[in-house]
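Step one of this worksheet: look at the structure below.
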Ligand SMILES: [Zn+2]
């Protein structure tokens, strides 16, 4: 990486602060950086001239003349965010302020193998750029969240138990070679947590845990406002916390992990067993209307219609999730835990009361009195928007260095 001079360093610092705030005054920029008002005035003038930032109108006055607020120019770059799960692929093209210009949700094709799935992804990115009327040469970066175990530094999938053909696939270099832009790859709980921090309920939280419950179970830890990765980048394997040492075998080889007890497929299987024993008349009705398929949404609707079996199943699931969360609360003392993914989306309102009850009963009094547990209200398109955040600051940095020279 070429060396950058002190003017570039100052410009980058100010640009990054403007980016991290929806809008910010020059006075606050001076306080946050420690730069003089004169220097801030010169730097912002240069950023305004280069179209990196724009003036937004007046903010709140603290006595004198109301300050003019600055924000990022949304058109200074365009990003693609990708969320590739085992079942679905979600994509979004955004401007630099995260506004969605085009999006798509479709089958991910990961089960067809890496070649077919990645070529399909590339075609879909080209289609979306066309729909958003953005030339592929104007693309500033691609951020991608992907399920499976990753070497995040190199953007390679190490393994993906549900689709074994994805061992050692260089996802990042495939996209970089074909798109000629920055690409960053990270695992899906982390990119979903980025979305939650920027657009969701964790906007004002520095210490929070994001948990995702779907086909698999994952976690991302935000400590002191930053994503925590652990020594080797593997932090957040909440799904493999043991909550019942005699419980069922898990895909990791252990018994009684959270994932072995409350993943979407396990809950659906338990509901199917209930149906086979004729325990759930409401779910039978709903499933018949759904072409014979048991879904999480169906289980939730049956609970809504007061089906005792489904109410019991979701209550028991909430107790199990809560039992796993007790350890997180005791260990990390987070201010907020956000529950996202398919299960909370479909049935969160049935899970939350028992989760809260278990946490209040079993976690230490100090941390349990300080934590709020909430359901995410972000959409699947927001998950893709969150992945784009992996590259946003790098894209800004590169555009700025290109514009101001070295
Ligand atoms: Zn496990």
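The values are calculated or read from the model by the stated rules, or taken from the named source; none is laboratory data. Because the structure is predicted, anything quoted here is derived from the model rather than measured. Heads up, the Cβs are rebuilt from the backbone with ideal geometry, glycines too, and the neighbour counts pull from every protein chain shown.
Values computed for the structure shown
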quantity: The range 221-238 - residue that is touching a helix residue (DSSP H, G or I) at 6+ places or on another chain (Cβ under 7 Å) and within 16 Å of the ligand (Cβ to nearest atom) and, of those, farthest from residue 320 (Cα to Cα); calculated: 236
quantity: Residue under evaluation residue 19, criteria (1) surrounded by fewer than 17 Cβ atoms within 10 Å (Cβ to Cβ); (2) assigned to a helix (DSSP H, G or I); (3) touching a strand residue (DSSP E or B) at 6+ places or on another chain (Cβ under 6 Å), criterion not met; calculated: (1)
quantity: Tally of residues being more than 30 Å from residue 105 (Cα to Cα), surrounded by fewer than 20 Cβ atoms within 10 Å (Cβ to Cβ) and out of contact with any helix residue (DSSP H, G or I) (no Cβ under 8 Å at 6 or more places or on another chain) across the range 60-80; calculated: 7
quantity: Inter-residue pairs, beta-carbon under 7 Å, first closer than 17 Å to residue 325 by Cα and in the range 239-258, second assigned to a loop (DSSP other than H, G, I, E, B) and near the ligand (Cβ under 6 Å from one of its atoms), 6+ apart; calculated: 240/250; 240/252; 240/254; 242/254; 257/250
quantity: Candidate set: the range 39-59, residues that are over 24 Å from residue 77 (Cβ atoms) and in contact with a strand residue (DSSP E or B) (Cβ under 9 Å, 6 or more places away or on another chain); chosen: the one surrounded by the fewest Cβ atoms within 10 Å (Cβ to Cβ); calculated: 58
quantity: Members of the range 252-282 found to be outside any helix (DSSP H, G or I) and surrounded by fewer than 14 Cβ atoms within 10 Å (Cβ to Cβ), listed by number; calculated: 252, 253, 277, 278
quantity: For residue 248: the one exception among (1) modelled with pLDDT of 90 or more; (2) within 8 Å of the ligand (Cβ to nearest atom); (3) exposed (fewer than 15 other Cβ atoms within 10 Å of the Cβ); calculated: (2)
quantity: Residues located in the range 123-154, provided they are under 21 Å from the mean Cα position of the chain (by Cα) and surrounded by fewer than 14 Cβ atoms within 10 Å (Cβ to Cβ); calculated: 153, 154
quantity: Condition broken by residue 306, with the remaining ones in (1) under 25 Å from residue 86 (Cβ atoms); (2) part of a loop (DSSP other than H, G, I, E, B); (3) more than 16 Å from the ligand (Cβ to nearest atom) satisfied; calculated: (1)
quantity: Residues of the range 113-147 classified as over 20 Å from residue 176 (Cβ atoms) and touching a helix residue (DSSP H, G or I) at 6+ places or on another chain (Cβ under 8 Å), total; calculated: 2
quantity: Among residues of the range 259-281, those that are without any contact (Cβ under 8 Å) to a residue 24 or more places away in the chain and either more than 10 Å from the ligand (Cβ to nearest atom) or in contact with a helix residue (DSSP H, G or I) (Cβ under 6 Å, 6 or more places away or on another chain) (or both), counted; calculated: 8
quantity: Only one of 183, 171 that is over 18 Å from residue 343 (Cβ atoms), surrounded by 19 or more Cβ atoms within 10 Å (Cβ to Cβ) and in contact (Cβ under 8 Å) with a residue 60 or more places away in the chain; calculated: 183
quantity: Some residue of the range 317-332 being within 16 Å of the ligand (Cβ to nearest atom), on the phi > 0 side of the Ramachandran plot and out of contact with any helix residue (DSSP H, G or I) (no Cβ under 6 Å at 6 or more places or on another chain); calculated: no
quantity: Verdict on residue 324 being buried (at least 22 other Cβ atoms within 10 Å of the Cβ), within 19 Å of residue 220 (Cα to Cα) and in contact with a strand residue (DSSP E or B) (Cβ under 6 Å, 6 or more places away or on another chain); calculated: no
quantity: Filter result for residue 294 (closer than 21 Å to residue 355 by Cα and more than 16 Å from the ligand (Cβ to nearest atom)); calculated: no
quantity: The range 106-116, subset touching a strand residue (DSSP E or B) at 6+ places or on another chain (Cβ under 8 Å) and assigned to a helix (DSSP H, G or I), residue surrounded by the fewest Cβ atoms within 10 Å (Cβ to Cβ); calculated: 114
